[in-house]
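Following: one structure in structure tokens, then a few remarks.
The values are calculated or read from the model by the stated rules, or taken from the named source; none is laboratory data. In this text the structure is predicted, and so the values were computed from the model without any measurement. Positions of Cβ are backbone-derived with ideal geometry, glycine not excepted, and every protein chain shown enters the neighbour counts. When the accessible area is computed, the model is the full protein with side chains, heavy atoms only, and any ligands, DNA or RNA have been set aside. Shrake-Rupley method; radii C 1.70, N 1.55, O 1.52, S 1.80 Å.
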Amino acid sequence: GVDVERALSAAPRFGPVRSPLYSRGFPQAVRATGTGLEPGATRHIQFTPRRSLGVGATPTPRSMDLKVVQREPGRVVFAVTRDTTLARWLQFTEAEYRWQGSRLTVTLRYRRTFDPSWYFGPVQRHAMREAAAYLAETFTTP
């Protein structure tokens, strides 16, 4: 089995995206730096650049910074301290990881910033569930 705590304490190594939703046009994580699970430990994640459709537009870098804000046995919470990746669609605030043995549960917390809620609420919930599943797979796949 995978040592989930060790995997979470290292810089993430992102694998291929299998989700049809995320494999088309969504930002893909390409590199991550930072280690540790103690409060104050940070991660910096670089994503594929944003490509504008404007004539002569240059790709815009995208990234996200996270910081460990809570830690206890089998649980760690990262706060999103800076985000130029998802900020156009939602305000991503926290990623909570809970594990027991090699079983990992990922909870992503965010605020919806688009209306109407009857449309964007379900779309964003679905997208965040897909992202949480991807993260769980990232840290539990040998």
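At a glance:
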{"read-out": "Three-way shape call for the range 83-141 based on the alpha-carbon gyration tensor, with the a/c threshold at 1.5", "value": "prolate"}
{"read-out": "Cα-centred dipole magnitude for the chain, charges only on beta-carbon of K, R (+1) and D, E (-1), debye, nearest 20", "value": "320 debye"}
{"read-out": "Accessible surface ranking that places the most exposed of Ser117, Ser63, Ser9 first, with a 1.4 angstrom probe", "value": "Ser117, Ser9, Ser63"}
{"read-out": "Fraction of accessible area attributable to carbon and sulfur, the chain (%, probe 1.4 Å)", "value": "53 percent"}
{"read-out": "In degrees, nearest ten, helix 117-140 long axis to first principal axis of the chain (Cα)", "value": "40 degrees"}
{"read-out": "Among Gly15, Gly101, Gly56, residue whose mean-square fluctuation peaks in a GNM of the chain (springs only between Cα atoms under 10 Å)", "value": "Gly56"}
{"read-out": "Helix-only mean residue ellipticity at 222 nm for the chain, each DSSP H run of n ≥ 4 adding -39500 (n - 2.57), per residue, nearest 500", "value": "-7000 deg cm²/dmol"}
